[in-house]
Amino acid sequence: MSVHVSTLQARISGESTASSPLSTEEYFVNMGPQHPSTHGVLRLVLRLDGETVREVVPVLGYIHRGIEKMGEHGNYRQFVHLVDRMDYLSALANNWAVTMVVEKAAKMETNDRIQAIRTLVCELQRIQSHQLWWGVFGMDLGAFTPFFYGLRDREQICDIFEKTIGARLTMNYIQPGGVMYDIHPDFVKDVKAFLTYFKSKMPEYDALMTENVIIQERLRGIGKLSAERAIALGATGPVLRASGVAHDLRKSEPYGLYSQVDFDVPVGTTGDCWDRYWVRMEEMRQSVRIVEQLIDNIPEGKTFLVKPAAKIKVPAGVHYSHVETARGVLGVLLVSNGKDAPYRIHCRTPNFNNLWCIGEMATGGRIGDLVATLSSIDIVVPDIDR
Amino acid sequence: MSWPVKTIAERTGDLLPGSPWTASVYVLLTILAVTAFMTVTGLVLIYAERKIAAHFQCRLGPMRVGWHGVLQTIADALKLLLKEDIVPRDADALLHILAPVLSFAGMLLVMIALPMSPSLQVADMNIGVLYVTAVSGLGVLGILLGGWSSNNKWSLLGAMRAGAQIISYEVSATLALLVVVLFSGTLQLSGIVQSQEAGWWIWRAHGCGIVAFAIFLIAGTAEINRTPFDLAEGESELTAGFHTEYSGLRFSFFFLSEFLNMFVLAAMTSTLFLGGWMPLHIGHFAVFNGVMDIIPPGLWFTLKTTAMIFLIMWFRWTFPRLRVDQLMRLEWKILLPIGFVNLFVSAACVVTGCYFFAR
Amino acid sequence: MEAPNLIAAVQALQPDATVRAQSDRPTLIVPAHALVALATRLRDDPALRFDLLETHTAVDWLDEDRLELLYLLTSVPLGHHLTLSVSVDRDAPVVPTLCKVYPIAEWLEREAYDMFGILYDDHPDLRRLFLEDDWVGFPLRKDYEDDFMLERPE
């Protein structure tokens with residue numbers, strides 16, 4: 001065969017000459033797999049010219065657990081449980097993606113109560129995920145305090161989840177045929193209390209970070225990504241929307257109860273870090289709006305329409321569904337051969353595609369810009385490696 | 001009313017003709033006292049920083065060891081002392097060991113010139129300001145050596161950042177300092193304090209003082225590598241910067257000297273701009289001045305320094321970090337021109353005697 | 001564009017493309033050699049504008065001794081979807097790369113190489129993505145075995 005297969009060693013030991021007229025030497029630095037701002041075990045091999053980043057070579061796989069292979073060895077319900085471990089900050093949306101493809105393929109029924117609960121908890125989790133991102137973003141830029149503010153407010157949502165779902169991170173809640181448990185009797189009251197609380201905290205977020213001159217200086221014009229390049233590089237979610245493309249599956253292919261609620265899709269203009277920051281801040285406000293519209297209108301009904309132990313058989317064929325998680329489009333491709341376990345299941349994860357943009361965004365910037373850009377993508381490494 | 005200044009060095013000199021032995025015991029006790037003072041100050045500052053940070057961040061901070069965690073830093077210091085001291089195999093062992101000592105020594109040497117009260121100052125040089133500027137530059141040597149000798153690219157990057165940053169900001173800090181020297185007409189630190197008897201330089205100098213104060217504070221914060229200028233450590237970028245490869249006792253030297261540098265900066269700021277140990281006086285208002293004199297000078301110094309330390313900590317827990325090129329731009333394109341203009345304006349003020357309570 | 005119209009429009013571009021049965025989205029089976037030219041036209045055609053390669057992966061049909069490559073295309077401005085299916089021999093899985101048309105394909109194809117051993121001709125940087133460079137075998141193939149693998153409970 002004529003196709004040449006390369007190695008990492010060959011990739012980074014190529015010719016390197018500095019572009020500066022001064023006689024400087026370029027060098028490689030391993031950022032990660034243990035590094036404070038790679039959010040886990042991401043490894044970036046950087047080719048640096050002094051402080052300037054010339055090339056970013058992401059090296060993946062440090063937390064590759066073979067979720068797709070494991071999926072072939074279990075049934076559909078078991079796979080729901082596995083996807084919690086991908087993007088653990090939007091576990092509910094992951095559950096929903098699998099649930100959606102199975103329900104669509106096996107033609108399972110749901111009712112409005114189930115859809116309302118799913119929509120509600122997913123939006124709450126979007127807020128929660130963005131809060132964590134906001135805190136970590138501050139920390140990556142060198143400000144510690146936002147981290148604690150973000151986590152403090154996130155805790156309230158986690159408590160709401162804990163009451164209803166029993167878990168705070170890996171939910172395993174949205175199941176084919178319904179949701180695992182009915183909402184806790186306090187759910188509506190707690191969510192309303194949280195909304196009141198959180199709306200009073202949003203100005204605090206702005207005062208601490210958004211209006212800070214250093215934040216603005218650090219973010220504006222950094223890590224630019226044009227709309228065409230963003231689409232070509234497969235970016236989705238806030239990264240794509242910050243580049244000015246209003247692509248949001250909640251609007252373009254509404255699922256759940258998104259077609260019945262009124263919300264806006266915030267878009268940026270230049271696609272720099274600031275736009276990504278702003279888009280996420282705005283998304284939190286929009287999610288609050290969605291939750292406000294739904295919280296008083298949860299219809300009555302059952303919350304699980306099939307027997308939990310029932311075997312789910314999916315007709316043979318290729319099935320695909322996607323949802324909008326806090327980070328972008330999560331698609332589940334299911335190839336079935338008619339049995340009760342998937343023949344092949346593949347997850348199109350948002351972080352995998354969004355991280356691919358880092359090479360384009362960070363090249364030419366400083367190390368500090370790289371950290372800001374990486375953080376503005378809001379990566380969750382287990383979601384990349386699966 | 002003039003304040004009689006008697007330094008420890010002078011007192012030793014008085015003892016010397018009587019018996020050299022008494023004098024040397026006195027010197028020994030002084031060294032012990034200074035060391036103890038520094039250690040205690042360092043521990044208190046670390047505790048204060050943790051508590052203040054915690055309350056900025058809506059949490060409690062250390063609460064378990066002792067009442068409200070007061071013994072936490074002692075426990076941490078013990079832990080650091082007992083930790084394995086690692087010198088990386090490919091590091092330059094001698095320089096790796098020397099670096100934290102140098103960093104600590106630079107800070108220690110500044111300490112002896114600080115006028116804490118009329119009777120509490122180790123040595124009062126007639127070129128005190130010059131001495132402080134020169135000796136505080138030693139600290140950067142420790143950081144540079146530490147980063148270079150670690151043989152780690154992140155450490156080297158941190159050290160290079162620190163080198164560029166500290167040397168640049170020293171220029172602005174010195175320019176701001178010169179303003180006070182111009183107004184007070186002396187380089188002697190106790191003399192500068194005495195010159196503020198009619199009022200602090202921060203408000204007496206028609207705005208020049210405030211500008212110089214701001215520049216000195218910003219440049220000083222940059223010199224001691226604290227947020228928003230903590231690029232040398234920049235833990236989200238360079239893991240831990242120049243002290244990535246340090247552990248145990250040697251790390252604690254860097255750590256302690258960072259905190260004591262903050263004390264030195266706060267003490268220098270209050271000495272130069274806020275009157276040091278001098279009570280708050282307003283010109284010839286005898287009654288007001290009399291009331292202010294009730295508070296002893298040592299307490300005045302402590303209060304002012306504490307306030308400055310709190311301000312610096314407040315910066316740290318509010319601001320994010322600058323980027324390396326923004327840092328350089330801030331110094332060379334903003335602070336330095338303002339500093340120069342301010343210096344010329346102050347010179348004009350001094351020549352024309354156009355400031356409050358001119359002699 | 002609705003599914004029948006979409007299939008007709010693509011078949012006008014590529015007459016030998018056949019519809020793949022058992023798929024919930026419009027899916028066309030195309031020969032491997034026509035892939036790059038077709039993808040370029042799908043992307044640039046103003047009526048189709050498939051500008052996003054949403055994902056690309058493979059399926060190992062062990063019984064039929066072939067690997068099926070699936071390319072899921074989405075048009076962000078027009079909001080329609082199309083799947084391309086390409087079958088290759090399991091023993092010599094060589095297909096042209098789509099990197100020139102969709103840059104994201106560079107990683108997706110590396111993942112497919114990593115997991116299925118599909119060789120992408122003209123790929124700029126073909127190496128394993130998740131596993132180490134010296135890993136033996138391609139884990140997502142159905143006949144892959146190693147010492148610590150799960151057994152499917154029956």
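The values are calculated or read from the model by the stated rules, or taken from the named source; none is laboratory data. All figures in this text were calculated on a predicted structure; none of them were measured in a lab. Cβ coordinates were reconstructed from backbone atoms using ideal geometry, including for glycine residues, and neighbour counts include every protein chain displayed. These accessible areas exclude ligands, DNA and RNA; they are computed on the full protein's heavy atoms, side chains included. Shrake-Rupley method; radii C 1.70, N 1.55, O 1.52, S 1.80 Å.
Solvent-accessible area assigned to carbon and sulfur over chain A amounts to 53 percent, based on a 1.4 Å probe.
Can you give the direction-averaged projected area of the convex hull of the alpha-carbon atoms in segment A:92-169, in nm²?
So the Cα hull casts an average projection of 5.8 nm².
By accessible area, using a 1.4 Å probe on protein heavy atoms only, segment B:8-352 has 77% of its surface on carbon and sulfur. Adding -39500 (n - 2.57) for every DSSP H run of four residues or longer, then dividing by how many residues chain A holds, sets the calculated 222 nm ellipticity at -13500 deg cm²/dmol. Once the partner protein chains are put back, segment A:223-240 shows a loss of at least 40 square angstrom of accessible area, versus the chain by itself, at A:Ile231, A:Ala232 (probe 1.4 Å, ligands and nucleic acids excluded).
Rounded to the nearest 100, the interface formed by chains B and A buries 2600 square angstrom of accessible surface, both chains summed, with a 1.4 Å probe.
Working value for chain C: equivalent-ellipsoid semi-axes of 29, 17, 14 Å, each the square root of 5 times a Cα gyration tensor eigenvalue, largest first.
Note down the relative contact order for chain B as a percent, whole number, built from C-alpha pairs under 8 angstrom at least six residues apart.
Value for chain B: 21 percent.
Computed over protein heavy atoms with a 1.4 Å probe, the accessible surface of the protein assembly as shown works out to 39 Å² per residue. For the peptide C:103-115, the mean number of other protein chain Cβ atoms found within 10 angstrom of a residue's Cβ is 4.
If R0 equals 51 Å, the separation of the Cβ atoms of B:Lys83 and B:Asp14 corresponds to a calculated FRET efficiency of about 0.70. Working from Cα pairs under 8 Å separated by at least six residues, relative contact order for segment A:67-385 is 26 percent.
Could you please state how large a percent of the accessible area of chain C is carbon and sulfur, counting protein chains only and using a 1.4 Å probe? The nonpolar share, carbon plus sulfur, comes to 52 percent. If you run the Gaussian network model on chain B, springs between alpha carbon atoms under 10 Å, then out of B:Ile309, B:Ile127, B:Ile224 the most flexible one is B:Ile127.
Calculation over all alpha carbon pairs of segment B:8-352 in 10 angstrom steps from 0 returns a P(r) of 5, 23, 32, 26, 12, 2, 0 percent.
The trypsin sites (Lys or Arg not before Pro) found in segment C:58-107 that occupy coil by DSSP, while having at most 16 further C-beta atoms within 10 Å, are C:Lys100. Per-residue packing, averaged as other Cβ atoms within 10 Å, sorts the ranges A:47-59, A:363-375, C:32-44 into the order A:363-375, A:47-59, C:32-44, beginning with the highest. The heavy atoms of B:Val132 present about 10 square angstrom of accessible area, all protein chains included, probe 1.4 Å. Taking all protein chains as shown and a probe of 1.4 angstrom, A:Ile117 keeps an accessible surface of around 0 Å².
Any idea what the dipole of the protein assembly as shown comes to, in debye rounded to 20, about its Cα centre with Lys/Arg Cβ at +1 and Asp/Glu Cβ at -1? Please list the in-between numbers first.
On the way: 77 positive and 96 negative charges, 437 e Å.
The calculated dipole for the protein assembly as shown is roughly 2100 debye.
Over all pairs of different C-alpha atoms in segment B:1-146, the reciprocal of the mean inverse distance, the Kirkwood hydrodynamic radius, equals 18.6 Å. Stretching C:Trp135 away from C:Gln11 to a fully extended chain increases their span by 40.6 nm, per 0.36 nm per residue minus the current alpha-carbon distance.
Rounded to the nearest 10 square angstrom, B:Leu15 shows an accessible area of 60 square angstrom against a 1.4 Å probe. If the cut-off is 16 Å between C-alpha atoms, which lysines fall inside it for A:Lys307, apart from same-chain ones fewer than 8 positions away? Leaving aside lysines fewer than 8 places away in the same chain, those within reach of A:Lys307 are A:Lys107.
For A:Lys107 and A:Lys199, a Förster radius of 30 Å and the Cβ-Cβ distance give a FRET efficiency of 0.15, rounded to the nearest 0.05. Heavy atoms of chains C and A lose about 4600 Å² of accessible surface on contact, summed over both sides with a 1.4 Å probe.
Taking every residue in A:210-219 and counting other chain Cβ atoms within 10 Å of its Cβ, the average works out to 3.
Compared with the dominant principal axis of the Cα atoms in chain B, helix B:138-149 is inclined by about 10°.
For chain A, what number results from the quotient of the Cα radius of gyration and 2.2 N^0.38 Å?
1.02
Springs join every pair of Cα atoms under 10 Å in this Gaussian network model of chain B, and among B:Trp332, B:Trp201, B:Trp277 the largest mean-square fluctuation is at B:Trp332.
As an exercise, use a Förster radius of 51 Å and the Cβ-Cβ distance of B:Val65 and C:Asp143 to find the FRET efficiency, rounded to the nearest 0.05. In this case the efficiency is close to 0.25.
Taking the Kirkwood radius as Rh and the Cα radius of gyration as Rg, the protein assembly as shown has a ratio of Rg/Rh equal to 1.06. Residues of segment B:56-71 losing 40 Å² or more of accessible area relative to the isolated chain, 1.4 Å probe, heavy atoms only? Going by heavy-atom accessible area, the residues of segment B:56-71 that drop by at least 40 Å² are B:Gln57, B:Cys58. Compared with its chain on its own, segment C:6-45 contains the following residues whose accessible area drops by 50 Å² or more in the full protein assembly (probe 1.4 Å; ligands, DNA and RNA excluded): C:Gln22, C:Asp24.
Taking the C-alpha atoms only, the angle from helix C:35-44 to the longest principal axis of chain C is near 40 degrees. Which residues in segment B:142-185 place their backbone N less than 17 Å from a point set 7 Å from the Cα of B:Phe356 along the Cα-to-Cβ direction? From segment B:142-185, the list is B:180, B:183-184.
Dividing the mean sequence gap of close Cα pairs (under 8 Å, 6+ apart) by how many residues segment B:55-157 holds gives a relative contact order of 28 percent. Inter-chain Cβ neighbour count for C:65-72, averaged per residue, equals 2 (cutoff 10 Å, partner chain atoms only). Ranked from largest to smallest solvent-accessible area, with a 1.4 Å probe on the protein heavy atoms, C:Asp51, A:Asp296, A:Asp153 come out as A:Asp296, C:Asp51, A:Asp153.
Within segment B:2-27, what residues put their amide N at less than 12 Å from the label point 7 Å along the Cα-to-Cβ vector of B:Ala123? Counting backbone N atoms under 12 Å from the label point, the list is B:8-10.
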